[in-house]
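The next block holds one structure in the form of structure tokens; read it before the comments.
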């Protein structure tokens, strides 16, 4: 993968910079670009503890997200500080907020209902093609078994408990665990059937309306679940 050209000058946009933060990254909105840096954090489910691992994570994010948003993910760039290794970041085209699916749904009104239905139809066609062409195979299928799904539920609940939540949250986690177990119990045949039908694929993993942009030349879906390939491997209808 080619690095993003270092010569791109953002200084003209210096007065219009916005910064947004997540648990694992920082996003800088600057003119017609969005720059995403990884925080040097290490958890049970991700490891951005070194520059090398953050570089790998950025390249993986670009590669995977180009499947559904090639025009948005421009490449990997670097921030250079004297005496330090270059810090990698994902360079993206900044998409107009007016095309975000959540905004279209909020602002369309009765007169725009047909347009919204048409946009959702285009999005559905894109996702259907994506799932049809997505990678399949034994390793991917293993992540779609009832055992693998239950193991992930247990791992998630265990990690939350280790953070030391108050008692009321602990009770809620108990309830969630019971409901998850009840859903999975006795459904081995159903999970296996989906695997045989080829419906467990290397997919997006986190489809959200707020990360979907209905652009004039077709929909783009951003921000796939890229830090753990097991979580991308979901059933598609």
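The values are calculated or read from the model by the stated rules, or taken from the named source; none is laboratory data. Not measured: the values here are computed from a predicted model. Because the Cβ atoms are built from the backbone with ideal geometry, glycine has one as well, and the counts that use them run over all protein chains shown.
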Tell me the helices (runs of 4 or more DSSP H) entirely within region 71-188 that contain at least 1 residues that are more than 22 Å from the chain's Cα centre (by Cα) and surrounded by 12 or more Cβ atoms within 10 Å (Cβ to Cβ).
113-133, 146-162, 167-184
Tell me yes or no: at least one residue of region 200-208 is more than 27 Å from residue 48 (Cβ to Cβ) and not assigned by TED's automatic domain parsing to the domain that holds residue 68.
yes
Flagged in region 189-211 as surrounded by 13 or more Cβ atoms within 10 Å (Cβ to Cβ) and farther than 30 Å from residue 100 by Cα, in numbering order, are 191, 192, 194, 195, 198
Quick one: residue 89 ticks every box in (1) in contact with a helix residue (DSSP H, G or I) (Cβ under 9 Å, 6 or more places away or on another chain); (2) over 19 Å from residue 222 (Cα atoms) except a single one, so which number is it?
(2)
For region 40-70, what are the residues that are under 18 Å from the mean Cα position of the chain (by Cα), modelled with pLDDT of 95 or more and exposed (fewer than 14 other Cβ atoms within 10 Å of the Cβ)?
63, 70
